[in-house]
Each structure stands twice: as C-alpha cells, then as structure tokens.
Number of protein chains: 4
Amino acid sequence: MAIHAAVAGASGYAGGEVLRLLLGHPEVRIGALTAHSSAGQRLGQAQPHLPRLAGRVLAETSAETLAGHDVVFLALPHGQSAAVAERLGEDVLVVDCGADFRLEDAAEWERFYGVPHAGTWPYGLPELPGAREALRGTKRIAVPGCYPTAVSLALLPAYAAGLAEPEAVVVAASGTSGAGKAAKPHLLGSEVMGSMSPYGVGGGHRHTPEMVQNLSAAAGERVTVSFTPTLAPMPRGILATCSAKARPGVTAESLRSAYDKAFADEPFVHLLPEGQWPSTGAVTGSNAALVQVALDAAAGRIVVVGAIDNLTKGTAGGAVQSMNIALGLPEELGLPTCGVAP
Amino acid sequence: MAIHAAVAGASGYAGGEVLRLLLGHPEVRIGALTAHSSAGQRLGQAQPHLPRLAGRVLAETSAETLAGHDVVFLALPHGQSAAVAERLGEDVLVVDCGADFRLEDAAEWERFYGVPHAGTWPYGLPELPGAREALRGTKRIAVPGCYPTAVSLALLPAYAAGLAEPEAVVVAASGTSGAGKAAKPHLLGSEVMGSMSPYGVGGGHRHTPEMVQNLSAAAGERVTVSFTPTLAPMPRGILATCSAKARPGVTAESLRSAYDKAFADEPFVHLLPEGQWPSTGAVTGSNAALVQVALDAAAGRIVVVGAIDNLTKGTAGGAVQSMNIALGLPEELGLPTCGVAP
Amino acid sequence: MAIHAAVAGASGYAGGEVLRLLLGHPEVRIGALTAHSSAGQRLGQAQPHLPRLAGRVLAETSAETLAGHDVVFLALPHGQSAAVAERLGEDVLVVDCGADFRLEDAAEWERFYGVPHAGTWPYGLPELPGAREALRGTKRIAVPGCYPTAVSLALLPAYAAGLAEPEAVVVAASGTSGAGKAAKPHLLGSEVMGSMSPYGVGGGHRHTPEMVQNLSAAAGERVTVSFTPTLAPMPRGILATCSAKARPGVTAESLRSAYDKAFADEPFVHLLPEGQWPSTGAVTGSNAALVQVALDAAAGRIVVVGAIDNLTKGTAGGAVQSMNIALGLPEELGLPTCGVAP
Amino acid sequence: MAIHAAVAGASGYAGGEVLRLLLGHPEVRIGALTAHSSAGQRLGQAQPHLPRLAGRVLAETSAETLAGHDVVFLALPHGQSAAVAERLGEDVLVVDCGADFRLEDAAEWERFYGVPHAGTWPYGLPELPGAREALRGTKRIAVPGCYPTAVSLALLPAYAAGLAEPEAVVVAASGTSGAGKAAKPHLLGSEVMGSMSPYGVGGGHRHTPEMVQNLSAAAGERVTVSFTPTLAPMPRGILATCSAKARPGVTAESLRSAYDKAFADEPFVHLLPEGQWPSTGAVTGSNAALVQVALDAAAGRIVVVGAIDNLTKGTAGGAVQSMNIALGLPEELGLPTCGVAP
C-alpha cells in the first residue's frame, strides 16, 4: 500500500529535491504539490528537470491542500512551518525541512531567528547517537540544516570518543543552491562564477547553534564552534573543513580507529581509504557523506573534512532517510548512493 | 534471474556512467570491471562517486576477464572493440559505447577514423524509425555518439515529415566530459572554466557522418550537415542548436504538430510547452531529451534546440535503454527520468 | 589637459566596465558617477573591484548631475538615453552604450523595441567600412550591441568580398553579464552554472536587425540572419559561430586571403594562425577580437568563429575605442590588448 | 631608458601573468622569452591571450638566452632557479617566482622540498615589516608563495599588534591555476567544475613553513599554522579564512583599529568597510588584496578573511611590485588596481 506524500514549497530547491527523491522511492505516491508565489503554475515551469510531474498544477500552500496525506514535507521559509503543522493532525508524518523545530534552546532560537520558538521535534540526523530511536514511529521530524549535517558527521566521532578539545573551528564552502531560489543580486551567476566569498562571519550564521547543540551532546560538555561559511562557484555541495586541538595522547591510529568504528555500520557515511580526500563532486545528487581525517602533529590539531550534497544528504535525502526510519521502512529505500560525476 | 553484466573501460567517464546506471537497474548484477592503465587499482580511486563498488579491483581488459556474462558493455577507445567483441561469443549481448560499429558506409568510416571498417551493428537510438525492431533480440548494439543523439532527436521529425531542406546547420555546445578523462592541457579546469571554444570546425568532427546517416535515412535523400562543436564550461550536457531552411508552405503549426506527433509516445523525449526552452541543466544525470522548435519567418528557417546529458542519454543511458529493448525488458527500466538540478 | 568624463548607470555591469577602462586611460579624469536605484550609495558597494573609486557617492542620473563634462557615457536601460542626451548640449561627446540610436530603420526599431525611434547616431564599430570617418569629430556615438559586434567582425570580410550567400546562420554563446545585473531567477548562479540554454530563438532577439543592418551594408544587398543566442555558464565572453553558403568558386585560399586583408591593419581584430581557434577565455577583459575561418567543403559553407569579451570589445571597450577616434586620440589609447587568462 | 626584461618559463601560468603585467608596464621592454618543453614554439600557442607577443618564439631556458637583460623573471619548477641564477651575474636583478629562496630555515626547506637548500633572498612581500628596506636596491628577490601572501596579509596586523594567540587555523580556497599547467587528471575541467576538494591536509602543504616564518616574525614568537588548502572551481583567486584565539581584552574596536592602522598607507591592501566581505571575483587580474576582520565573541576568536588573485598579487604582481621597489621606481607602476569583474 503506497505512502501518499505531499510537498509544500514544491517550487523551491529543497522542494524540488524532495520530489526528485520521492519519484525514485518505490513506496511513495506523490500527492499535492503546493507553493506560494508560484501557485497556479504547472510544476514544469519551476522544475523542468522533473518531466514526469511537469503537468502538475501547484496549489496554494494551506492545511486544506495538504490534508489527507500520510506524509507531508514542508519546505517553507523559516517561521512558517508551525502554523501549517499544527493543523495537519497528529497521525500525519510531518517532515520539516526548515529550521523551526531543530533547536532545543528557546533562547538561542530567538537570538538567531528573532521570532518565538515553536518547539523541538525529533532531529532527523540518524547518525547522531540515539537519533534512530527517537525517529522510529515519530510523526514529527526536524530535518537538520545542511551545514550542521556536514559538520556533525565530520566531528561527531572525535567528540564522542573524547579525542578533541571543545573548541571547534569550521570553514565550509557551499554551493549556491543553499542560498535558495529567491533572486538576489549577489547570487547572480555573473557574481558567483569564478568567485568565492564568505558570509555570516564571526558567529552570525544561524546554523552555528545547531552545530553547538550536536557536538556538545556528543562531547558531554559545551563545545564552541567558530563557523565561517563561504559561497563557492558551484550549484551544489558542501565541503566542511573542521578542526580542533587534539587531546593529549591522541595518535593518528587512535583517531582513525575512532572514525572507522563510528561509521562502520552507517549506510551513507564513508570514511575514505587513507590518502584519499572527499570532493563534493563525488556526492552530487547522492545521499552519501564522504569523510577523511588527519592529525596535524605540528599544529596539534585534528583535521576532518566532510563532503555532502547540501540538497540531498543535507536536506531532502536526510528527510527521506528519516521518513524511512519513522515509517519502519528500510533506511536506504529509494535513496541514491551514487553521485552524478563528473 | 539477474542479468550478469561486465563493463570494459570501467575507469573512464563512459564506463563510470554505465556503472552508475547499472547500480540502479533492478535486473542487473554487476560482474567484471576491466580497465587498461588503471588495471589492478580499486574502482574507488577512479570513480569515488560509486561507493558501493569502491572496493572492486579493476581487471585487465581481455576476452577472458569479460567472458561468462550475459551482457558486456565496451567503453573503449575507438578501434579496440572489434577485437574484443569477436571473442565474446554470439550469445553474449555486446553493447559498444564506442564508434566502431556505428557507420554503414565503410569509406566514410575510413575517411574519418583512418582505420579499416569493422562492420555495422544495430544502432542504439531507439527513437529512430525502425530502430526498436532492429534492436529487439539483437546480440550486438552500436551506441550512437553523443552529438548524433542530440542532433538526430532534434531534427528527425522535421526531416521525416518533409518540412526541411536537406542542408542542416548545427552548432552544439558540449560539456567537457565528452572529451574524456585523458589529461590534456586544453581540458584543464584552468583552461575551460570561464571560456568557450570551438573545435573540429569545417566538417572535421567524426560525428558528422553519423548525423548525415541518420538524417538522410529519415529524409529519404542525402542531407548535408554543417557541424560545429564547441566546448562549454560545464562537465556534462549537450545543447544542440539545429536549423534548416523551411520547405515552402511550412507553418509554425505544421511544424509543431510534426514534433508533437513524433514524440507523443517516446518515453524519454519531451517536446516542451510553447515558450519554454531546453537547458542542459535540466537533464543532468537523466536519460531525458528536451526539445523545442520554432519557425524563424524572417530567415525562413526551422530552428530546433535539443538538450541531453552527453554521458546519460548521449552514451550510457542510451546503451542501457537499448539493452532493455534487446533483452525484452521494459524500455525505461532502471533509467533516471529526472535531472539533478539545480 | 585631461578629458573630464561622467558615467550614467555606474552601478551596472556596462557602467562598471566603462569605469575600469577609464581608470586605465591616461587622458581621462573621472567625474560624476550616477545611478538610479543605487543613488546615494558609495560605488564600493556596487563595484568592489574598483577600489580606487570605492568612496565615490553615486548621484541620481539627470542632465544636471551629468553636465559640465567633456564626455558622458550612458549605460542606461533601453529608451532612456534620448531624454538625457538632448539636454547635454551639442559640444558634449555623448557615448550611448544602449540600443536607442543604433538602428537606421525606424520601423525595425519599433517592431523590436516597441517604443518610438529616437534617431540614429554614428555607429561605434570602427572596423565597419566608413565607420572611422563618421566617428572622427562626432559628438554622438551609438555603441553597437555585444552580439552584433562579434558577428559583424566575423562575417564582414566574407560579405564585403562577395564570398558568401546572403543568408547567414549564427549561434552565439554569451556569458551571463550580457543579461545585466538585475536579479532574475533564471540568471541565478544555481541555474546557470553547469547549464546551457537558448533564448530569443526564432528571430526574436533585438540584436538581429542590427546584424542585418551591418552585414547588408557590407554585402550591398539584404542579408538575412538566423540568430540563436545561448546563455553559457561563464560571466563574460561571446563565442559567435557564424556560417553562410559559399558563393561558387570560393576556395579556402581566397577565403583566408579576404580575412587576412580585412584585418591586416586592425589594431584589435586578430585572424588566428591556421589551426588555432578562438576561445573567449583568451579575451577576458581585453578589447581584442579573435577570429578564425574555415571552408566546409562537404556542406558548401563558410564557417567563421569570433570571440570577444561582451563587456569590453562588446560594450565598454568599443565605447572607449570610438571615443578615442571621436576626440582625435590614438585609437588604442588606454585599452587593454591582453586578456586575463587563465 | 627602458628596463630590459627576460622571462624564463614564459609558457606557464606564472610566466604568462608576468608577461601580461610587463606589457602594461611603461618602463619595461620585453626581451627573451624562454621555456623548456615548449621551446621553439611561438608564444601565441601557449598564451593566446597575449596577441601582442603572439609571434615571439620561445628559446630554450639557459643562462645564455637569459643573459644581457636588466631583469630576469624566473618562473621555473622548484629547484631549478639556483643553477640559472648563479650564472646571471650580480648586476642583474633576478626575480624568482619559485620557492627556492623563500625559507630561512634550511632544515625546514629540506623537510618540505626534499632537496638541499639553495639560500635565502630578500622576500618580496613589501607589506611585511622591514621588507621594503630589504628590497630597495637588491639584485635578488624571492617572490612569496600565493597562499603565504594571502594569509600573511590577513594575519600580520593581528600578530604584529599582539592581539592573537600563536596558533593560527587557516582554510584557503584556491583557483586551479595555482596548480599549474601540467595536465593531470584531477585538474581536468570535468573533475574540478562543480566540485571542491582539499589537499595537503594535516600540515603537508609546502607553503605552511613560509606562513609560520612570516607570522612568527611579526609576532615575535613561534606561531603554529594549521593549514588546509582546498581546490575551488574557478581559474583564479585565493580566499583565505584565517582565525586565532583572541588574547584577553581584545575588542572589536581594538581589532579594527589595528587593521586600519596596518593598511592605512598600503597601496594594494584594502580593509573593507564594516559589513562588506572580500570576494576573489573582485580582485581577478588585479594586484589588490581585500581584507575584512571580525571578532567572534562566542568562540573567542579573531576571524580574518583575505582575497587575492593567486597569479597577480599572489605571484606575478607581487614580483613586479617588488621589482619596482628594487629598481627605485614608484611601487605601483604598471600594476592593475582594478579587478576584471564580473
């Protein structure tokens, strides 16, 4: 019996990626597609890469148009999910690709987002300790941010094993789709091609408290994160370069062993063979995360690099992976494990 | 009962794409992987985007390593397929992604390729009139070139319906993967990013006689093709801009109607709604072809633009589609119909 | 004694390129900089690549703010130049980078632009026969469109020498800066990177009548142009692939000789050595145009490829080159002849 | 009286950029151009963006072909400069764009480069304390590495003012031209477009000891540098994100004031206005460096981002700037201060 899924925000990049994955999911039937400014248009206008849905007409996003489905994916601007979710019924699985229900600390939420905190839902990063248990059977999922996904996967083993000092430094490069589809001058192709630039420098990025939350939980103590995101001339992908001072006694072997163990049973996270480093190109369109780790003896730091596709593992793939767990389906069902490369 | 498939040339771009598609094919089990200069290495070195096969060791390409499979995909340099194929047995389906068996005219072959003609195999462009019949049950398939795929799909309806004069002008932009993985200075990222350049200008490109062959067959008379390929700063994709003088009496309506009819039942070729034009970005990683057509009244020309992914529909996807037909499987089985966009 | 120059539309791409070139011009002193929606801001916000002018404040575009200069460059949206120009005085050299005064045929203008024709000014393509004479001493210059610059340079010698039939087919790839700085969804980096797409197919592009005008003048008969522009994933550059049927008796030698002769004394147009083809990367930021020509014997067509930087030779460089001629300065003064490559 | 300059390694990226800048230098006349594998070819083959030198024939690199010039620029592979330089005479200004004479510590040199140390020359980063004095009148210049240029400019003020703890963390993204023109598979356009990847992770990059040397000199104590370089999908540019723990008492104001003061008189280094961040696109082809600084209070770190063009300020521009100082010319002579953007 098929799972009937609706997607709110189907005209955007996250919504489009959710649809691409659902089209390849053997148990899902795609129901209502909704949007706001594109409502009334055919999906083919906004998402020409999904010809099988080209003729579908976008409805206005509302609890009414989204009602009657088993699963509803929300790919809405921050702050809009709560109002929709609370009208969808407790038996509907609501998967929120936005930020509204990710943070546990209401004060942090309000400091970074400037609106009241809507609550905290089970967090859709199955690779976090305890996450799969929380996701199983849940009817509400908060999909992690794309940067926190990459950074948490990269640093969790080091913190969980007590190898790293609680001050992480992260510099991550993201493809432009992470900034969404709203037309802004600094996101024009003319501006971004051939150029790299940072933004939200100095702790201002809204994904910082989410990283702090995840890493602190793993470390069992508060971990600070100095996070600098940069915009790279590519449509997709996050390359997160993460480092922290090594605790005394950490060796290259103990480090590698901790990572080996942490990812041994993970279906989507791959510790690369020694000497091989992740590239975002290898995970384009895939739900895989590639990780490599090194000990910089001269600087006394653990350096970990993780690569994901911000729209797949970083958003829609993580969402479908968590949906699979919530519904008791095989975790990998319908999810691409190969990148489209070159 | 699974189809057992081997891939020769598994370390290159075409071979990698064949593997990506076969990994998503529900009836195929992947057997031997062979290569030449990379033989002995693990596939993960050459194809880091295929983590499920990362540990596979590449064997040396030979009839011995390729024996014992139901299907053998050849992704070899031009001129090397015949020697391998003739030793594979007549009950093995051999799918040649190279050029060796595409052309019917031995003299044309020798003029463009400079080596003796090896023969002609059933041509793996199912959308050509009569092609599906020839492919059904065959044990030998010549996969078309990437440019001829794009150009033939774009112009066939016009020639089949007798709407166009037999002198076509084609300018096509290709992603760099079309030039292969051998390291040459003019293909360096530093050279190609931010730059477009033509090559093989004036009729010299080897794909020209293949276009002439296909279009002439459709037109029932010899069609000349002035073909200029250009290298575009993108890894994948072909955008073919094709035109020919309109025959007297052709109207925008009769033109559109011919295209509508030609593609109505095609699973992978989509005539876009009026006003929407193809982009290669919409077909990245997909086996779809997007086509749009216009009549330029002032210049008296039919203008057709087609977009495909050179590695998917233009090579490996066309190969798998033809394999499906040859083996009596559903034509669309295991083939992606969505692009990875943006 | 310095030439005092003002730039209207200084916050856009054309205006920014005019400023970049004027900063390198030994005889020019930069005066008023004006804009519309950016008025009141410092130039450093809009044009961070021009640090020497970063502190300059943008004035509102008006005849008053532009008065009192020797030269005024207009880089305004189509249809706005006439109103400004008529209030600037007949002794001021007005260089219009927009389309308003390019076309001679008022009916063509109105058909393509939909507003009344403002007139025709001396045309700033010095390489056109007779153009330098018309530019010398003029106080009004209509800078050509970027596509017509590339296409006219590529095809003029063939038409002037009577070698080509009067039906040209042109497919040109342009960098995204040609579409301007206004934020539109289809120009987002996410959309354009990794993708090529056509637009204005079927004769609809406004630059078509300008090509017809130039080529017809050279040919001495009406030349039709089938023009398809495509958007390429690069910020700058135009690669124009142009062809026409060869007239009887044309040989590779007569063709090359015509081009050799046509460009022998041109300071910025270079016929490449045989076997070498133009790339847009080689002219980034340069006022040079690279051209190569071939005879496709099998198809009976002359094929010419030209490469320019759409913002330099295609707009601001052509403007400064024409200004130099108008003011009696050396034509090459202050203009870059080297590209920034790779 | 013109300065007569020769360039060894004229067919590579660094050599090509030296030539581009020398062509715009009013006091320099370009003499011998030499190469190794391209010797005998015309420069137009290797450097099509320099049409004014297209006909020049490349000589074999040797002391003989380089003799008789006032200045010789060496753009050779590491380890080859010493043999050439020692035969050039002490009255010739030798500007080495390679690494051979940059490091003061012979042991560090040998550890990172694996060959004997050739010596230490005056270091061509004029913005370093004391550097201009050492460069004035010198006949030998070691041009800094591209990464050390970006990183040193970004962090020097913090260390010189005693604001930062002596453990720096640097993640830098570089355009592909930094990897040179030798054709290697991982540098193919197909591989790098749409992808980011790290290399030399864990302290292995050869530019690390150069950063340590510069920052330690400024700090007056040994500074460690954890350096991770990444390859970005763009031909040019370095974006260096640098951070270090803030010393107690450092405020946003004291930090900004230190940077303001440090760069106040620098002709090429620009501290951006608050709220504006550097992008590499703004410095393409320019000798400018753009810097911005922030205090991340929550993480207790100083974060500085610097952007340069790796080939201009990072190599050839730094070389010409230092040459100007050595020869007693105005420091800015002939150097572009504007980027080619967009």
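The values are calculated or read from the model by the stated rules, or taken from the named source; none is laboratory data. Remember, it's a predicted structure, so these values are computed and weren't measured experimentally. For neighbour counting, all protein chains shown are included, and Cβ atoms are generated from backbone atoms with ideal geometry for every residue, glycine included. Side chains included, ligands, DNA and RNA excluded: accessible areas come from the protein's heavy atoms. Shrake-Rupley method; radii C 1.70, N 1.55, O 1.52, S 1.80 Å.
Candidates are the residues of the range A:46-55 that are surrounded by fewer than 20 Cβ atoms within 10 Å (Cβ to Cβ) and without any contact (Cβ under 8 Å) to a residue 24 or more places away in the chain; the one that is nearest to residue B:338 (Cα to Cα) is A:54. Taking (1) closer than 24 Å to residue A:241 by Cβ; (2) touching a Lys or Arg at 6+ places or on another chain (Cβ under 7 Å) in turn, residue D:113 satisfies each apart from (1). The range C:124-211 holds helices (runs of 4 or more DSSP H) entirely within its bounds, and those carrying 3 or more residues that are within 24 Å of residue C:312 (Cβ to Cβ) map to C:131-135, C:146-160.
Of D:133, D:191, D:167, all but one fail to be outside the structural domain of residue D:217 (by the TED database), of a type in the set (Asp, Glu) and over 20 Å from residue D:289 (Cα atoms); the exception is D:133. Restricting attention to the range B:23-45 and to residues that are within 13 Å of chain A (Cβ to nearest Cβ) and open to solvent by less than 70 Å² (accessible area, probe 1.4 Å), the residue that is farthest from residue A:274 (Cα to Cα) turns out to be B:25. Of all residues in the range C:20-43, those that are more than 16 Å from residue C:6 (Cβ to Cβ) and assigned by the TED database to the domain that holds residue C:61 have Cβ atoms under 9 Å from Cβ atoms of residues that are open to solvent by 20 Å² or more (accessible area, probe 1.4 Å) and β-branched (Val, Ile, Thr), 6 or more apart or on another chain, in C:40/C:57; C:41/C:57; C:42/C:57.
Candidates in the range D:277-313 are the residues that are hydrophobic (A, V, I, L, M, F, W, C) and closer than 20 Å to residue A:190 by Cα; of these, the one that is farthest from the other protein chains (Cβ to nearest Cβ) is D:308. Looking across the range A:1-19, the residues that are aliphatic (A, V, I, L, M) and either crowded, with 22+ Cβ neighbours inside 10 Å or touching a residue at least 12 places away in the same chain (Cβ under 8 Å) (or both) come down to A:2, A:3, A:5, A:6, A:7, A:8, A:10, A:14, A:18, A:19. Look at (1) touching an Asp or Glu at 6+ places or on another chain (Cβ under 8 Å); (2) of a type in the set (Gly, Ala, Ser); (3) open to solvent by less than 20 Å² (accessible area, probe 1.4 Å) and you find that residue C:232 fails only one, number (1). The number of residues in the range A:320-336 that are open to solvent by less than 30 Å² (accessible area, probe 1.4 Å) and either away from every other protein chain (no Cβ under 13 Å) or within 16 Å of the chain's Cα centre (by Cα) (or both) comes to 8. The residues of the range A:102-117 that are open to solvent by 50 Å² or more (accessible area, probe 1.4 Å) and in a loop (DSSP other than H, G, I, E, B), listed by number, are A:104, A:105, A:114, A:115, A:116. Here is the figure for the range A:134-156: residues that are out of contact with any Ser or Thr (no Cβ under 7 Å at 6 or more places or on another chain), under 25 Å from residue A:229 (Cα atoms) and open to solvent by 10 Å² or more (accessible area, probe 1.4 Å) total 1. If only residues of the range B:235-276 that are more than 10 Å from every other protein chain (Cβ to nearest Cβ) and among the aromatic types (Phe, Trp, Tyr) are counted, the one that is surrounded by the fewest Cβ atoms within 10 Å (Cβ to Cβ) is B:263. Applying the condition of being within 11 Å of chain D (Cβ to nearest Cβ) and either among the small types (Gly, Ala, Ser) or in a helix (DSSP H, G or I) (or both) to the range A:213-234 and asking which residue is farthest from the chain's Cα centre (by Cα) yields A:226.
Kindly provide the set of residues from the range B:12-22 that are at the interface with another protein chain (Cβ under 10 Å from one of its Cβ atoms) and small (Gly, Ala, Ser), ordered by number. Selection gives B:16 alone. In the condition set (1) of a type in the set (A, V, I, L, M, F, W, C); (2) farther than 27 Å from residue A:195 by Cβ; (3) not assigned by the TED database to the domain that holds residue D:75, residue D:323 is compliant with all but (3). When D:268, D:263 are screened for being aromatic (Phe, Trp, Tyr) and within 16 Å of the chain's Cα centre (by Cα), only D:268 passes. A single member of A:151, A:192 is touching a helix residue (DSSP H, G or I) at 6+ places or on another chain (Cβ under 6 Å) and within 16 Å of residue A:212 (Cα to Cα), and it is A:151.
Taking the condition open to solvent by 20 Å² or more (accessible area, probe 1.4 Å) and of a type in the set (A, V, I, L, M), does residue A:131 pass? Answer is no for this residue. Checking each residue in the range A:169-210 for being small (Gly, Ala, Ser), in contact (Cβ under 8 Å) with a residue 60 or more places away in the chain and either more than 7 Å from every other protein chain (Cβ to nearest Cβ) or surrounded by fewer than 24 Cβ atoms within 10 Å (Cβ to Cβ) (or both) picks out A:172, A:174, A:175, A:178, A:180.
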